[in-house]
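Reading through the structure tokens given below for one structure.
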Amino acid sequence: MVITGTGAVSCFGLGLEPIAAALLAGEPRLTEVERPAGYHRPDGARLAALVGALDVGAWLPPGSGRRMSPPSRFAVVAARMALRSASLEDDRAGSDTAVFLSTAFGPASFSEKLYRSIVTEGPETASPFLFTECVANAPAAQVAIACGARGPSVTSVQREASALVALGHGASEVRSGRSSRALVGVVDELPPLAHAILDRYGALARASPTWPEAARPYDRHRNGFAASEGATMLLLEEEKAARDRGARPLARVRACGGGFDPTASRVGWGTGVVALREGLRRFLERAGVGPGDLGLVVSGASGSVAGDRLEAGVLRSVFEVGPLPKVLAPKGVTGEYGGGFLASVALAAERRPFGPPVGFAEADPDLGIVPHAGGPLPPDGLVLALSLAAGGGASWALLEKA
Amino acid sequence: MLPEGGASPAHEPSAPRRVAVTGLGAVSAAGWGVAPLWRVLREGQTALGPFSRIDHTRHRTHLAGQVPAGPPSASWPRAIARLSFSERFALFAAREAIAQAGLAAPLEGPVGVFFGTSTGGLLESGWFLDRLWAPDGPRAGLHLMAGHQLNAPGDAVARDLAITGPVETISSACASAALAIAAALRALREGEVEVAIAGGADCLCATTYAGFNSLRSIDESPCRPFGEDRRGLSLGEGAGVLVLESLDRALGRGATVRAELLGAGASCDASHMTAPLESGQGAASALRSALADAAVPKERVGYINAHGTGTVLNDAAEWAAYAATFGERASKIPVSATKSILGHLLGSSGAIEAVATVLCLEARLAHPAAGHEPVDSRFGIDLVQGEPRNLDGDQVGLSTSLGFGGANAVLVFSRHEAV
């Protein structure tokens, strides 16, 4: 099972290359979130990794994009990009191409607009266009329509763990032979209301008298994550089929799985290191892989105080009898949500170089994790990607260079 | 998902692992539990009626399938009142299903939760926004947003049962729960889990009620799936849960096997956000895929629990799909239209209808639709009406779910002894 195509829309631009460049340079791109609606606390977070004005005309004609929510536009552009980069037609994927998309919040701005019109102008004024585009699977449906993908269309919603869940579904679909190819990915948008609510929960990084507002995965002074928006799509197909048609495999997907931490509250992080460790061990065992086979960890640590602690605890306990492989913490650059993590996983599996760990200045003695300092990645060994979610969800994947 | 290499042979069965249904749970407009559900299904008695979950005075329609107050048992912790309605429905149905399966929390080991929903806590997050936007209203408490996430009902089940295996929620409109059950089947076949709690939960809310009304998709009367004079759907709410496990495990522990889940198939119309392909080609593709996955010849299908929303276009496309798949025999397969009784549970409709399908196969009865509307004369459909119909012989039953965005999913069940 290999990745043969990639596409992305992010604060860095179009495609995976701008994300790769940002990861190498260790440069996040955070901008001010609009605040006139008054949703935000005065002393709350102000920044997010937002998608700016991008010329997507080559991927999505304006007439078509006009009839879509922002996440639908992001997803369609990223999906077409993934198909074209895999040397496939981007509008006739056919009945043997499935779409497995994931999202944390769905089309949040359209949902807000629709509900506001219901509340302020009356339910009879609800717009059918807003309604049909505010369902969580609207982006997946628009991808299927735009790309002509008539295989299964599935939208996973497991917060921060969603992307690897979608990757697992797509890989399983292709491996089983039900579909020849799968477009898998993640999409999210971050309107001011969603940003403000995350901030009210205390989830977002804030400025302090000492530190600017930034995500600091695994750092002693971390105080939250930087939220982001965008989309990443990957094209999966069987390796033999890909090579037979002359496609270049970028990375191999070996296995995907997941677990759950039942100690987590509905919106917070749990302390269930043992439960998650056992789940991860079961996964590695089923894959016939031991901790010693792993050359690299792509961590989902985001700068969340409790989330990073939980993830560090899981990693340390899985590797308790051996050295921890190098750990990448890309969310310091990409932010949380919007596909930056999935893009980082694909780039790491391809063994693209990563830069210094952004925001990391001082190790947290409670965590015992020091992220990779930058430079070339170890050439050997499998890549373990790990993504824990507030609320208890967890997903993981094993990849390798093709 | 299976590893690409190096896994033990135990994880690579040569034939698909057989999957048993050993527990059922339900919450619906009929009441809390499978028993009240089966009563209304068997009698073809609609549970649709006036409702109070949301203010609908300004709409042109005033009818839905609202779950009665509950849960009925005083043994439920008071903390349940802090959960969203969808989470409450999910918890009740899951507890009922695992109790029926002879299991008890904590469910240790490789046990997973696979859920589908369209709304999650959209009702309660609406209350949050009402307060946030009201200039002099009460403070908008964040507790109202805690169940907002679409993964909340499935997560609530996992938390309640102390599950540590994979927990996945799918939100693909009206196909969500059927796709979630299909994901559970995959995880069981691949050995990722030994037991799966699969289903879905949804709640009536202002957004969906206004949204479907804006599309003119809601009938002012109880919906009339496949009826000559059908005018749209009726919304409902509730939850359905199935306990799925490998047949070997179920038999080994002496569990009662209620049915087998033989296969699943899915497709996408890739045509339009709301209108199905008139030819039914997308749904037919899911039907073919499900039968192939189940390794069941189409001649063995003796029962269909239809998606049957009651909208003009959807019912026509669904019938076209059956006609394309089964040919002339399509007119001879008894079809139940559960939505005429419970309304459309949206993302969780595939779950409650999977429960209904298992109940029908088990009882060897196709439940009747509510009402006695003449069937659309353009369809040759054998819609069961009036009285339940005996299902004789070697029955395999289908449960069909067709959603917004052209998402189609079909589940294939059989009675255990029929295999």
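All of the numbers you see were taken from the coordinates with simple rules; none came from a lab. Quick caveat, the model's predicted, so the values are computed rather than measured. Here the Cβ is made from the backbone with ideal geometry for all residues, glycine too, and neighbour counts use every protein chain on show.
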- Quick one: net charge of A:Thr263's neighbours, Cβ under 14 Å, K/R +1, D/E -1? 0
- Query: Given H placed 1.01 Å from N in the peptide plane, which residues other than close sequence neighbours of B:Leu365 have an amide H under 5 Å from its amide H?
  - Reply: B:Leu391
- Message: For a quick check: with amide H placed at 1.01 Å from N, whose amide H comes under 5 Å from B:Gln385's, ignoring anything fewer than 5 positions away on the same chain?
- Response: B:Ala369
- Message: Per-residue Cβ counts within 10 Å, from other chains only, averaged over A:248-257: what number is that?
- Response: 3
- Message: Quick check: residue separation of B:Trp76 and B:Glu43 times 0.36 nm, minus the Cα distance between them. What number comes out in nm?
- Response: 8.9 nm
- FRET efficiency, A:Tyr201 to B:Ala99 (Cβ-Cβ, R0 35 Å, nearest 0.05): 0.50
- Message: Calculate log10 I(q)/I(0) of chain A for q = 0.13 Å⁻¹, where I(q) comes from the Debye formula with a single equal point scatterer on each Cα and nothing for solvent.
- Response: -1.04
- Query: What's the FRET efficiency of B:Glu417 with B:Arg378 using the Cβ-Cβ distance as r and R₀ = 35 Å, to the nearest 0.05?
  - Reply: 0.40
- Taking placed amide H atoms and a strict 5 Å upper bound, the residues 5 or more places from B:Leu235 or on another chain that come that close are B:Gly65, B:His344
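Please report the orientation-averaged projected area of segment A:49-147, defined via the convex hull of its C-alpha atoms, in nm².
Computed as one quarter of the Cα hull surface, the answer is 7.5 nm².
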- Once the in-chain neighbours fewer than 8 apart are removed, the lysines whose Cα is under 27 Å from B:Lys339 read B:Lys298
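Across every pair of different alpha-carbon atoms, what Kirkwood hydrodynamic radius in Å does chain B reach?
Mean inverse Cα-Cα distance, inverted, gives 21.0 Å.
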- Item | Partner chain coverage, peptide A:142-152 - average Cβ within 10 angstrom | 6
- Residue-by-residue Karplus 3J(HN,Hα) for segment A:155-167, coefficients 6.51, -1.76, 1.60, Hz, glycine and proline x: 10, 9, 9, 9, 6, 5, 8, 4, 4, 6, 5, 5, 4
- Query: What is the mean number of Cβ atoms from other protein chains located within 10 Å of the Cβ atom of each residue in peptide A:168-176, rounded to a whole number?
  - Reply: 5
- Task: Take A:Glu350, B:Glu245, A:Glu34 and order them by how many other Cβ atoms sit within 10 Å, fewest up front.
- Result: A:Glu34, A:Glu350, B:Glu245
- Message: So for each of B:59-68, B:42-51 I average, over its residues, the number of other beta carbons within 10 Å; can you give me the resulting order with the highest mean first?
- Response: B:59-68, B:42-51
- Query: Taking 0.36 nm per residue of separation and subtracting the Cα-Cα distance, what length does fully extending A:Arg84 through A:Arg41 add?
  - Reply: 11.1 nm
- Message: With the crude spin-label approximation of a point 7 Å out along Cα→Cβ, what separation in nm comes out for A:Glu34 versus B:Arg249?
- Response: 5.0 nm
- Once you treat every alpha carbon in segment B:263-418 as an equal point and sum by Debye, what is log10 I(q)/I(0) at q = 0.15 Å⁻¹? -0.70
- Query: If r is the Cβ-Cβ distance from B:Ala292 to B:Glu387 and R0 is 41 Å, what FRET efficiency results, to the nearest 0.05?
  - Reply: 0.75
- In Å³ and rounded to a whole number, note down the convex hull volume per residue for the Cα atoms of segment A:255-401. 99 Å³
- Considering only B:Ala183, B:Ala15, B:Ala140, give the residue with the highest GNM mean-square fluctuation for chain B, with springs between Cα atoms whenever their separation is below 10 Å. B:Ala15
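Arrange the peptides A:87-95, A:374-382, B:152-160 so that the one whose residues have, on average, the most other Cβ atoms within 10 Å appears first.
B:152-160, A:87-95, A:374-382
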- Item | Inter-site label distance for A:Ala373 and A:Arg92 at 7 Å from Cα along Cβ, in nm | 5.4 nm
- Item | Contour excess over end-to-end distance, with Cα ends at B:Arg364 and B:His272 and 0.36 nm allotted per residue | 29.4 nm
- Rh (Kirkwood; distinct C-alpha pairs) - segment B:95-158, Å: 14.0 Å
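For each of B:Thr164, B:Thr207, count neighbouring Cβ atoms within 10 Å of the residue's Cβ, then give the residues from fewest to most.
Ordered by Cβ neighbours within 10 Å, fewest first: B:Thr207, B:Thr164.
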- Backbone HN-Hα couplings from phi across segment B:98-110 [Karplus 6.51/-1.76/1.60, Hz, Gly and Pro as x]: 6, 5, 5, 7, x, 10, 8, 6, x, 8, 7, x, x
- Task: Any chance you could tell me what percent of the C-alpha pair distances in the protein assembly as shown go past 54 Å?
- Result: 5 percent
- Task: Note down the nm distance, to one decimal, between modelled labels 7 Å out along Cα→Cβ at B:Asp130 and at A:Phe319.
- Result: 5.1 nm
- Message: Need the list of lysines near A:Lys401 for cross-linking: C-alpha distance under 28 angstrom, and skip anything on the same chain fewer than eight residues off.
- Response: A:Lys240, A:Lys326, A:Lys331
- Query: Using every alpha carbon pair in segment B:229-314, what percent of pairs falls into each 10 Å bin from 0 up to the bin containing the largest distance?
  - Reply: 12, 32, 36, 15, 5, 0
- Item | Vicinal HN-Hα couplings computed from phi for segment A:268-280 (Karplus, 6.51 cos²θ - 1.76 cosθ + 1.60; Hz; Gly/Pro x) | x, 9, x, 10, x, 4, 5, 4, 6, 4, 5, x, 5
- Message: Place a point 7 Å from Cα of A:Val305 in the direction of its Cβ. Which residues in segment A:211-233 have their backbone N less than 16 Å from it?
- Response: A:211, A:214-226
- Message: Cut-off is 10 Å between beta-carbons; in what order do A:Lys240, B:Lys339, A:Lys113 appear when sorted fewest neighbours first?
- Response: A:Lys240, A:Lys113, B:Lys339
